[in-house]
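Down below is the structure, laid out as structure tokens.
FYI, it's all coordinate maths here, none of it is from the lab. Nothing here was measured: the structure is a model prediction, and the numbers come from that model. Neighbour counts run over all protein chains shown; Cβ positions are idealised from the backbone, glycine included.
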Amino acid sequence: MKLFGRFASFDILYKSGVATFVRFPFTLICAIVGTIAAIILIEAQGGPELNYLEKLMVVSTLGLPLFTALGCFADKKQWPRSRNWLLQGFGVVLLAVYYFSLPPDLDEPLYSLQRYLLLNISFHFLVAFLPYLGGKQVQGYWQYNKSLFLNFLTALLYSGALYLGLVMALLALNYLFGVKIDNNTYPELLLVIVGIFNTWIFLAGIPKNLEELNSVSDYPKGLKVFTQYILLPLVVLYFIILISYEAKIIITWNWPKGWVSEMVLWYAVVGILSLLLLHPLREQSENKWIKVFSKWFFWALIPLVAMLFLAILVRISDYGFTEMRYYVLAMAVGLTLGVLYLVFSKSKDIRVIPMIICVLALLSAYGPWSAFTVSSKCQQERFENFLINNQMLADGKLQAAPVKLSNETTAEMSSIITYLCNIHGVSSFSRWLPDSVLNPIDTVVRNNRPQKIAEQLGITYMPYYQGAQSQEYFDFTPKEREMIKLSDYDYLIDLGAYNVGTFEQKFSMNGDSLSVSYDIQTYVFKFKLLNARDSALETVEFPLKEPVEVLIDKWRTGQVSQAELIFDVPGKKFDAKLIMREISGWRREKEIIVNLLSAQILLREHKRT
């Protein structure tokens, strides 16, 4: 029976949609639940009482790749529906455990989001290899992943066209007929299309009989052209650049730059992707070069992987583990394992690559070896060493530092405080501070927590963007504004907020004009009284460097008041009162660098005789 009568295409579409739901019910339920949760959050504009919806949305997005992988695995094994549902039920239990393990607020602490991303990566790669785990099924594995890749592009094309078409229709209703469209309609429409429609289209394109793919040998011509003439030339170009850089390191014996890690990883990713895409062609007589290129590619990766290890290990040696450095090291380890396997193994099974990534992502997410446990312990130990070396810790108890901490030490300790607070929460300091101190700090705005922790530890907090080795940051912003007496002044000039760099402004004054300028090189305010012909009647200079030097020592021990930021600038024809609303910058040894200021000026003309 046809549900749509003479509209055969709609009837086929309906049956295909039902068949896809029957095949992947848990995946599509996750897509629907996650989309509804996201729409409710948009309508309600968030709030702590809706945190459960955020958690539900996160768990649902994890369910998409997990249930897809389990469903494809059951299809490949040709399990009956009862056994398939039992396997899917195991996935439900895993997601339920993960849901209840989430903190009330997903970004408190931040490592919860990183763990979610690691699980997402692991589950997506699980989709790639789980159905073809075991046995000699490389050909079927490649054809299966080719289908996933093409399905993804197809679903993306359909979703993009549908969304743009519907958006244009809504805009037409708005502008042509005056129909008011709520601003939330557009993101909610995008969620429905990407979350439900896109997922449904993608799942519908997954081959039903996965066992037959082991005997399929077709290869898209467009994919071959793309890989051979775009990806592979890029691989060769990257290789020349990186090998040249490695030669420079050996000749000059300078440590590699920080970004070299990303360069090596991108080179490896693009190169391995290219060879994976070309894998089925390597045994064809006209494409024997692919097999030769593959062999030499992995041999050439060995010195680059060594450089990658050198770059990240030097960084870890200097500053310890953080999650980002852990991930780079984990990728270096994974790349090493993959390269060694593909160089020395006779079988050279390409399924090993997604398996390594999946396992490393899981290991990085949980356990005493995880990125979060290793990084937290490492930075806590570094911080404790700073306390001990500066005599701030005696018998496990905090005490005031006997001498003033150097700028470098203050910057390093502040950096660790910021990292631990933001990524692992204030509980990271429980070994030095009691809960009675930490619990109130945990309730303040996140950006203010590091400074509160530093105050309790007896450290002058120096944010990472304001302080660095061999320099000291200063910020003369009064906490409380004070009233300023304006009597006997004729004019008020507002130079604007946060003027940075050299500037000059002119103002009319009783037929004359006053030029006010600031030179960032000399840190000098210059006042010029000009006549109608722009000839200078009087020039008065006020150097800002000397007052700043005097105020820095005062700022270290407490706040600078507004009264201390008001300077008199006397002249013969006029007097000025320079009112600094904020001054900030750095002091490097004897050098003062003012790079941010906000000022107002009061002017008083002398009576003309």
Of the chymotrypsin sites (Phe, Trp or Tyr not before Pro) in the stretch 33-122, those whose Cβ has at most 13 other Cβ within 10 Å and which sit in DSSP loop
none
By the gyration tensor of its Cα atoms, with a ≥ b ≥ c the square roots of the eigenvalues, what is the shape of the stretch 123-232: rounded for a/c under 1.5, prolate for a/b over b/c, or oblate?
prolate
Sort 399-406, 154-161 by the packing proxy (mean of other Cβ within 10 Å over each peptide's residues), most packed first.
154-161, 399-406
Burial-style ranking of 223-235, 125-137, average other-beta-carbon count within 10 Å with highest first, yields 125-137, 223-235
What the 10 Å binned alpha carbon P(r) of the stretch 350-439 shows, as percent of pairs per bin from 0, is 14, 37, 27, 13, 7, 2, 0
Taking the Cβ-Cβ separation of residue 302 and residue 359 as r and a Förster radius of 25 Å, what is the calculated FRET efficiency to the nearest 0.05?
0.70
FRET E, pair residue 319, residue 377, Förster distance 22 Å, beta-carbon r, rounded to 0.05:
0.90
Fewest Cβ neighbours within 10 Å first, please rank 124, 606 accordingly.
606, 124
As a Kirkwood estimate from alpha-carbon pairs, the stretch 491-605 has a hydrodynamic radius in angstrom of 14.9
Listed by chain and number, the lysines with an alpha carbon less than 25 angstrom from that of residue 221, same-chain partners under 8 positions apart left out, are 146, 208, 288, 291, 295, 348
For the chain, diffusion coefficient by Stokes-Einstein and Kirkwood Rh (Cα), 20 °C, 1.002 mPa s, µm²/s:
71
Extension gain residue 29-residue 508, at 0.36 nm per residue separation less the Cα-Cα distance, in nm?
165.4 nm
So for R0 = 22 Å, FRET eff. of residue 22-residue 209 from the Cβ-Cβ r, to 0.05, ends up at 0.90
What range in the chain is the longest one free of GluC sites (Glu not before Pro) that are in a loop by DSSP and have at most 14 other Cβ atoms within 10 angstrom?
1-282
Answer in debye to the nearest 20: the dipole magnitude of the stretch 221-365 about its Cα centre, from +1 Lys/Arg and -1 Asp/Glu charges placed on Cβ, is 400
Please get the size of the charge dipole for the chain, origin at its Cα centre, with Cβ charges of +1 on Lys and Arg and -1 on Asp and Glu, quoted in debye to the nearest 20.
2280
Can you tell me the orientation of helix 232-252 relative to the chain, as the angle in degrees between its alpha-carbon axis and the longest Cα principal axis, to the nearest 10?
50
